[in-house]
Amino acid sequence: MTSTPHTVRAGALVATASIAVLLVSGCTRAESSGGLGGDGSSPGITDDSISIGISSPLSGPTAGPGSCTVAGLAAYIEAQNADGGFEFGDGNTRQVEFTYLDDVYDPARAVSNFRQLTDQGIFAYVGALGTPTNAAVMPIAEEEEVPQVLLTTGARTFSEDQEAHPWTTGFVPTYATEGRAFGELLVAADRPITVATLAQNDDFGQSYLDGFTEATEGSQVEVVASATYEPTDTTLDSQVTELAASNADVLLSAVSVTPLQVGVLTKAQSLGWLPSIFLPSNTSTPGTILQPGGAEAYPAVFTPSFSKNPNSPAFAEDEDVQAYNAAFEEYGSQIATTYTPHCTWSYAEGAVLAEAFAGMEEPTRESFMTALRSISDFQAPMLLDGITVDTTSDDEAAISTVELVRYDAGTGGFAPVDGF
Amino acid sequence: MSYFVQVVVDGLSNGAIYAALALAIVLVHRATGLVNFAQGGMAVAATFVAFALTRAGVPVLLALLAAVVFGFVLGALLERGVMRHFERGDPDTAVVATIALLVLLTGASAFFFGYEPQPFPSLFPNRTFEVLGVFVSFRSIGTILVLIAVMVGLQLLFRSTKLGLAMRAVADNPESSALSALPVSRLLMIGWGLAAGLGAVAGVLVAPQLFISPGMLDFVLVYALAAAILGGLDSPVGAVVAAAFIGVAENLAGAYLDVVGDDLKIAVPFVAVMVILVVRPQGLFGRKTTVRV
């Protein structure tokens with residue numbers, strides 16, 4: 001009974017606090033929804049600062065890649081801030097204020113994070129990871145005319161029709177680009193090849209297969225077996241058994257879940273089926289997938305790549321890699337503890353952002369989008385030689401080419417490919 | 001033919017994963033009368049202890065034993081510290097409390113070990129052998145053998161020991177048991193401890209395949225609950241048979257029914273479970289309870 005007055009008081013306190021929060025957020029909201037600040041500039045930008053935000057999975061099963069999309073970007077931005085700041089096309093030099101939130105790969109959380117960030121007055125939403133999460137944010141960003149750019153998702157939705165979605169751009173190559181690269185490699189071999197496909201039952205898997213089919217149509221490459229799975233499946237043993245019965249020459253395994261991809265690699269060889277393997281760029285990290293999966297048993301394991309691996313001895317002397325490692329060690333390593341390629345991607349994305357800032361003539365979101373869509377032939381740090389950023393095409397992501405590489409079990413890294 | 005057998009064998013090895021957790025659910029139900037949703041969380045927490053030890057160079061078998069001990073203590077402490085407050089109340093409240101524990105344990109595991117799935121060393125050799133064109137992995141065989149041993153052990157515990165009899169009595173009617181001078185609280189603690197210790201065994205058995213992460217058993221729990229209920233909730237044999245049935249039915253449906261395919265195969269065993277439960281509400285191996293008016 002004695003606790004009652006406390007409860008009441010606590011309740012009143014919560015109510016007061018909630019009202020205060022509502023009032024505060026209501027105010028900032030009114031300001032930001034106007035689109036323009038008092039002096040004609042957009043929200044989130046002053047003469048010496050600009051604020052950007054991101055929501056990615058920092059906990060839950062996708063936390064590894066998600067944390068990396070924050071860590072690499074933070075490393076680039078903070079290193080540049082420490083170096084004096086970013087130069088803008090309007091002659092000002094600005095410090096970038098960077099805010100990041102965790103959405104656990106949950107679309108509802110991503111939406112509320114996005115609202116929180118815009119209420120805080122961010123200028124742009126940059127680099128977020130995840131297809132379902134970004135798809136949920138896209139209509140709101142469009143309606144409020146907030147740039148939702150350089151997204152770390154290979155789904156076509158964010159890049160294929162930029163006229164219809166003027167505030168959204170993708171950064172990494174679409175999954176269709178990756179699938180197409182595999183198809184082209186097989187077609188170039190100019191002999192009959194049989195393929196088994198295993199794809200996630202959503203946009204990710206479908207884009208992969210679409211790209212692959214486009215490239216192989218009318219060629220000697222034939223898909224002889226195909227299976228799908230749900231990301232919630234505990235194992236893919238039955239799918240692999242089904243595909244193994246086809247004894248195809250090649251297995252295209254468009255699987256995005258780490259343990260399942262390892263399971264596919266171990267299961268196929270345990271059935272005595274040793275095809276050449278094609279893996280997506282997001283599930284082909286040697287330390288977490290290829291070594292535990294025993295990838296060395298297969299005649300060849302191919303994967304698309306467009307960035308340098310900072311841990312590979314091959315790049316130890318590379319200036320980009322040294323700069324990346326120094327920046328990441330200082331500003332990124334607290335956010336992401338395990339390496340996935342997303343760390344280097346988001347670092348490169350920081351450079352693309354800087355390039356857009358440099359082309360931005362007015363402190364407005366419109367001017368930013370124009371500048372961001374006018375970058376071509378830009379060699380961002382950490383991208384492989386020959387891979388450049390081009391944002392001028394209105395149906396492709398900022399990076400629209402990939403290079404295929406082949407797993408080299410001896411060095412634990414990847415080697416270039418010169419044919420199938 | 002060998003394809004058919006292979007599909008069945010794969011189904012059995014999936015079923016073994018479900019059975020491992022289902023057995024722990026049956027054990028806690030037998031011992032406390034509750035369905036424990038935190039079972040997966042306790043198992044994962046204990047498995048993480050084994051994981052940390054193997055990282056430090058301890059052999060898997062020793063790490064497993066340490067995890068079982070840790071699991072037992074964890075389960076007993078949770079019963080003593082948390083669940084005891086709900087034991088005299090509405091059983092529904094207690095079940096909700098186990099869900100809260102699941103969330104708490106998952107968060108605690110993530111706090112110490114992170115969310116990234118990490119490889120876990122196997123107790124059994126990571127190889128397969130071939131019999132008449134069918135490939136069977138040592139890991140599945142080993143897992144199934146351990147499960148059968150556990151199942152027999154549990155059956156003996158409940159049927160043929162005083163402790164088991166006392167635990168059944170407490171689960172069935174705590175008040176009468178207390179009046180018959182049974183140490184009710186201590187028996188409930190032991191029940192939770194045993195279930196969590198068994199959870200550790202389940203976790204260590206399946207972690208090499210699923211990769212250890214705080215959410216490792218989230219989806220397995222759904223299958224395991226289905227298996228436990230289909231098997232009759234208080235029958236270890238029933239849980240194992242039902243888990244095998246679910247694994248095999250799912251795989252066969254995926255492989256042979258084109259309409260079902262890979263997308264709907266998960267639904268097949270669950271539809272079957274519903275049909276069976278409509279016909280036999282007490283489950284395959286459950287005892288029929290009758291209430292005298």
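Computed values, structure above
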{"quantity": "Candidate set: the stretch A:334-349, residues that are among the hydrophobic types (A, V, I, L, M, F, W, C) and away from chain B (no Cβ under 14 Å); chosen: the one farthest from residue A:373 (Cα to Cα)", "calculated": "A:345"}
{"quantity": "Verdict on residue B:65 being at pLDDT 90 or above, part of a helix (DSSP H, G or I) and either under 17 Å from the mean Cα position of the chain (by Cα) or more than 14 Å from chain A (Cβ to nearest Cβ) (or both)", "calculated": "yes"}
{"quantity": "In the stretch B:68-104, residue surrounded by the fewest Cβ atoms within 10 Å (Cβ to Cβ) [restricted to those that are assigned to a helix (DSSP H, G or I) and small (Gly, Ala, Ser)]", "calculated": "B:81"}
{"quantity": "Flag if residue A:256 is surrounded by fewer than 24 Cβ atoms within 10 Å (Cβ to Cβ) and more than 8 Å from every other protein chain (Cβ to nearest Cβ)", "calculated": "yes"}
{"quantity": "Helices (runs of 4 or more DSSP H) (entirely within the stretch B:212-278) containing at least 1 residues that are within 13 Å of another protein chain (Cβ to nearest Cβ), in contact (Cβ under 8 Å) with a residue 24 or more places away in the chain and closer than 30 Å to residue B:116 by Cβ", "calculated": "B:218-231, B:236-256"}
{"quantity": "Selected residue (criterion: farthest from the chain's Cα centre (by Cα)) from residues of the stretch A:286-313 that are surrounded by fewer than 24 Cβ atoms within 10 Å (Cβ to Cβ) and within 11 Å of another protein chain (Cβ to nearest Cβ)", "calculated": "A:294"}
{"quantity": "Any hit, the stretch A:372-382, residues being in a helix (DSSP H, G or I) and modelled with pLDDT of 90 or more", "calculated": "yes"}
{"quantity": "Single unsatisfied condition, residue A:238 versus (1) in contact (Cβ under 8 Å) with a residue 12 or more places away in the chain; (2) more than 21 Å from residue A:189 (Cα to Cα)", "calculated": "(1)"}
{"quantity": "Test: residue in the stretch B:152-163 that is under 25 Å from residue A:231 (Cα atoms) and at pLDDT 90 or above", "calculated": "no"}
{"quantity": "Residue in the stretch B:46-55 that is farther than 15 Å from residue B:217 by Cβ, aromatic (Phe, Trp, Tyr) and assigned to a helix (DSSP H, G or I) present", "calculated": "no"}
{"quantity": "Odd one out for residue B:4, checked against (1) loosely packed, with under 15 Cβ neighbours inside 10 Å; (2) of a type outside the set (S, T, N, Q); (3) touching a Phe, Trp or Tyr at 6+ places or on another chain (Cβ under 9 Å); (4) more than 14 Å from chain A (Cβ to nearest Cβ)", "calculated": "(4)"}
{"quantity": "Given (1) more than 13 Å from every other protein chain (Cβ to nearest Cβ); (2) surrounded by fewer than 14 Cβ atoms within 10 Å (Cβ to Cβ), number of the condition residue B:169 does not satisfy", "calculated": "(2)"}
{"quantity": "Conditions (1) at pLDDT 90 or above; (2) closer than 27 Å to residue A:413 by Cβ; (3) more than 12 Å from every other protein chain (Cβ to nearest Cβ); (4) not in a helix (DSSP H, G or I); number of the one not met by residue A:273", "calculated": "(3)"}
{"quantity": "Hits in the stretch B:109-129 (condition: more than 10 Å from every other protein chain (Cβ to nearest Cβ) and not in a helix (DSSP H, G or I))", "calculated": "B:121, B:122, B:123, B:124, B:125"}
{"quantity": "Residue ID - farthest from the other protein chains (Cβ to nearest Cβ), chosen from residues in the stretch A:63-96 that are acidic (Asp, Glu) and outside any strand (DSSP E or B)", "calculated": "A:90"}
{"quantity": "Sole exception among (1) crowded, with 17+ Cβ neighbours inside 10 Å; (2) in contact with a strand residue (DSSP E or B) (Cβ under 7 Å, 6 or more places away or on another chain); (3) free of Cβ contacts under 8 Å to residues at least 60 places away in the same chain for residue B:120, by number", "calculated": "(3)"}
{"quantity": "Scope the stretch A:406-416; condition in contact (Cβ under 8 Å) with a residue 12 or more places away in the chain and either in a loop (DSSP other than H, G, I, E, B) or crowded, with 21+ Cβ neighbours inside 10 Å (or both); matching residues", "calculated": "A:407, A:409, A:411, A:412, A:414"}
{"quantity": "Residue A:411 being more than 19 Å from the chain's Cα centre (by Cα), on the phi < 0 side of the Ramachandran plot and modelled with pLDDT under 95", "calculated": "yes"}
{"quantity": "Filter result for residue A:340 (closer than 17 Å to residue A:310 by Cβ, in a helix (DSSP H, G or I) and of a type in the set (S, T, N, Q))", "calculated": "no"}
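Residue by residue, here is whether (1) among the charged types (D, E, K, R); (2) in contact (Cβ under 8 Å) with a residue 12 or more places away in the chain; (3) closer than 17 Å to residue B:150 by Cβ holds:
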position: B:16; (1), (2), (3): no, yes, yes
position: B:19; (1), (2), (3): no, yes, yes
position: B:29; (1), (2), (3): no, yes, yes
position: B:34; (1), (2), (3): no, yes, no
position: B:48; (1), (2), (3): no, yes, no
position: B:56; (1), (2), (3): no, no, no
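The values are calculated or read from the model by the stated rules, or taken from the named source; none is laboratory data. Keep in mind that this is a model prediction, so the values were computed, not measured. Neighbour counts run over all protein chains shown; Cβ positions are idealised from the backbone, glycine included.
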